[in-house]
Amino acid sequence: MKKNVSLLILFSIILGCSNPVSRSWIIPVSIDPSDLLYTPAQMESFEIRRNQVLSSLEEGYVILRSTDQGSHNRHEFRPNNYFYYLTGYAVPYTYAVLSKQDQFAFTLTLPPRSIRSLIYEGGQLSGDEVMEVYGPDRLLTYHGFRTLLDSILNTGDPVYIDRSDRIFLNELEGITGEAGTTEFRSVGELVDELRVIKEAMEVERLQKACSITAKALISVMKECSPGQYEFEMESVIEGTFRSFGAAMPGFPSIIGSGPNSTILHYEPNSRKMEDGELLLVDIGAEYGYYTADISRTIPVNGRFNQQQRTIYQLVLDAQLAAIEQMQSGNMFMDGHMAARDVVVDGLVKLGLMTDPDSPWQIKFYILYPSSHYLGLDVHDVGEKGGSFSYFMQHTPDDFMESRILEPGMVLTIEPGLYFRENGLEQIYEIFEDEADSTEIDEFIEQIAPVYQKYINIGVRIEDDILITKDGNINLSRYAPKEIDDIEQIMRR
């Protein structure tokens, strides 16, 4: 069993939340990258993780590489998540091997070295320094690793890899050939359950990522005005990230105004914002490879109109009800179901639903599960049945057997409502297998006049929640979300 999040970390987090409704919005985050350096005691956590994996490894080998197809797609090198989680070693073109089948349980490699790499990339840690800091039982050169790899693949024993790293998988399958008997299994079978429960040092990084993201959101609230472009807000956000030491966004920033606020994963961020529109911002700073994921929706001109205010408050009420359910011992989907109940009740009262028990009417408005795990990935490991396709193909009752929440889990809660301009027209295609055309016709006829009032209003409110022994802590609490607070900040 993984050790619990330390009392010291939780105490410091709770202290930072002692006045969450303060009008000053002072966020306790410092420009101090020294907290990215692991202490010797923290490095022991990586050894504990490796030992847990080795204890589960009945046969075969774990082979991971630091550089995968996503490592160079962003501003700077980023190691493969599984590799980093088990080693803490963020050096390009290196490999790690875990095995109980020989005297070297943990093998690490040095990156390939040449005069060119020294000139272009600078020096790396020496072999002695790598041995001292990262503690492998054996340290190999790149060429030494290739020899070891060939010998492992010749044994026919199963090999656990990150199967999402298709380039490495294809390389290994090319080495074994069509006649090879090696089975390439997912390392997630051994690691994912460990990653679901966050340790103290992981919570620290997530908290800082959330606090930096909250800073960026407040900056947007202060800078946003009609006539600006979405990408101008993106520059404010990502500039704030860098100014506090976050290397990059944890995922492509979503900055959607007007009709773009109704597109769930809108990414161009190129439209000019107009007076009277909403701006939906879904962003997350990545700090020490751990990412925040926070959404806020604000009025471009600084004031919600009545229609915007109605939908926003409904979504906020739903989110607050969901957060109350995010407690140890409750089910993963309890928060989603609480949010769903509030949304459905509100939509019925507004005249936007005719049957609160209709599965297809519910799915027309509630487009996705309201939570996902958070950590090294924005949609971190541990999800069961959380995909959009799974969600749309099942009824709400199918989700009641989701897993139990435990202390140390970190997950989002992000209900939303999206009134697409062509939303009613899409009903026939989306739900043709769930409702006949007559039923759909009657629904559209009744709700269309009301729906028309809310077209191009998209609202999502998302926070990052740490499950604790006695409840939960909102890691993104410093990002304002009450209507009065947002309007006060945006007052010009």
For the stretch 446-492, what percent of Cα pairs sit more than 15 Å apart?
67 percent
Express as a percent, rounded to the nearest 5, the fraction of DSSP beta bridges in the stretch 149-305 (both residues included) that run antiparallel.
85 percent
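Starting from the eigenvalues of the Cα gyration tensor, five times each then square-rooted, give me the equivalent ellipsoid semi-axes of the stretch 100-147, largest first, whole Å. Could the numbers behind the result be given before it?
Numbers: eigenvalues 110, 35, 6 Å².
So the three semi-axes of the stretch 100-147 are 23, 13, 5 Å.
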A correct Kirkwood calculation over the Cα atoms of the stretch 15-158 returns a hydrodynamic radius in Å of 17.5 Å
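Calculate the dipole size of the chain relative to its Cα centre from +1 charges on Lys and Arg beta carbons and -1 charges on Asp and Glu beta carbons; express the result in debye to the nearest 20. The partial results should precede the final answer.
On the way: 41 positive and 74 negative charges, 389 e Å.
For this selection, approximately 1880 debye.
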Helix 40-56 vs. the chain, principal-axis angle (Cα, 0 to 90°, nearest 10)
90 degrees
Between Rg and the Kirkwood Rh of the stretch 115-260, both from Cα atoms, what is the Rg to Rh ratio?
1.11
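Diagonalise the Cα gyration tensor of the stretch 221-287 and give the resulting equivalent ellipsoid semi-axes, square root of 5 times each eigenvalue, largest first, whole Å. Before the final figure, lay out the partial values.
Working: eigenvalues 89, 36, 13 Å².
Square roots of five times the eigenvalues give 21, 13, 8 Å.
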What is the local net charge at Lys272, summed over the other residues whose Cβ is closer than 12 Å to its Cβ (Lys, Arg +1; Asp, Glu -1)?
-4
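For an R0 of 41 angstrom, estimate the FRET efficiency from the Cβ-Cβ distance between Met131 and Tyr229 and round to the nearest 0.05.
Details: r = 51 Å, r/R0 = 1.25.
Approximately 0.20, to the nearest 0.05.
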Value of Rg/Rh across the stretch 238-391 [Cα atoms, Kirkwood radius]:
0.98
Ranked highest first by the average count of other Cβ atoms within 10 Å around their residues, in what order do 364-375, 117-128, 297-308 fall?
364-375, 297-308, 117-128
Pop out the carbon and sulfur fraction of the accessible area of the chain as a percent, whole number, probe 1.4 Å.
50 percent
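Counting only DSSP beta bridges with both residues in the chain, what percent are antiparallel, rounded to the nearest 5?
In the chain, approximately 80 percent of DSSP beta bridges are antiparallel ones.
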Accessible area expressed per residue, the chain, with surrounding protein chains retained (probe 1.4 Å, Å²):
44 Å²
Restricted to Cα positions, what overall size does the stretch 172-325 have along the principal axes? Three whole-Å values, descending.
66, 36, 31
Kindly provide log₁₀ I(q)/I(0) values, in the same order as q = 0.15, 0.20, 0.29 Å⁻¹, from the Debye equation applied to equal alpha-carbon scatterers of the stretch 276-336.
-0.66, -0.92, -1.09
How many lysine pairs are close in the chain, with Cα atoms under 22 Å apart and the two 8 or more places apart or on different chains?
20
Under the helix-only model (-39500 (n - 2.57) for each DSSP H run of 4 or more, divided by the residues of the chain), the mean residue ellipticity at 222 nm, to 500 deg cm²/dmol, is -13000 deg cm²/dmol
Counting all C-alpha pairs of the stretch 95-174, share separated by more than 15 Å (%)
65 percent
Along each principal axis, Cα extent of the chain, largest first, Å:
72, 51, 45
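The values are calculated or read from the model by the stated rules, or taken from the named source; none is laboratory data. These figures come from a predicted structure and were not determined experimentally. Note that each Cβ is placed from the backbone with ideal geometry, even for glycine, and that neighbours are counted across all protein chains shown. Ligands, DNA and RNA are stripped out before the accessible areas are found, and what is left, the full protein with its side chains, is counted by its heavy atoms. Shrake-Rupley method; radii C 1.70, N 1.55, O 1.52, S 1.80 Å.
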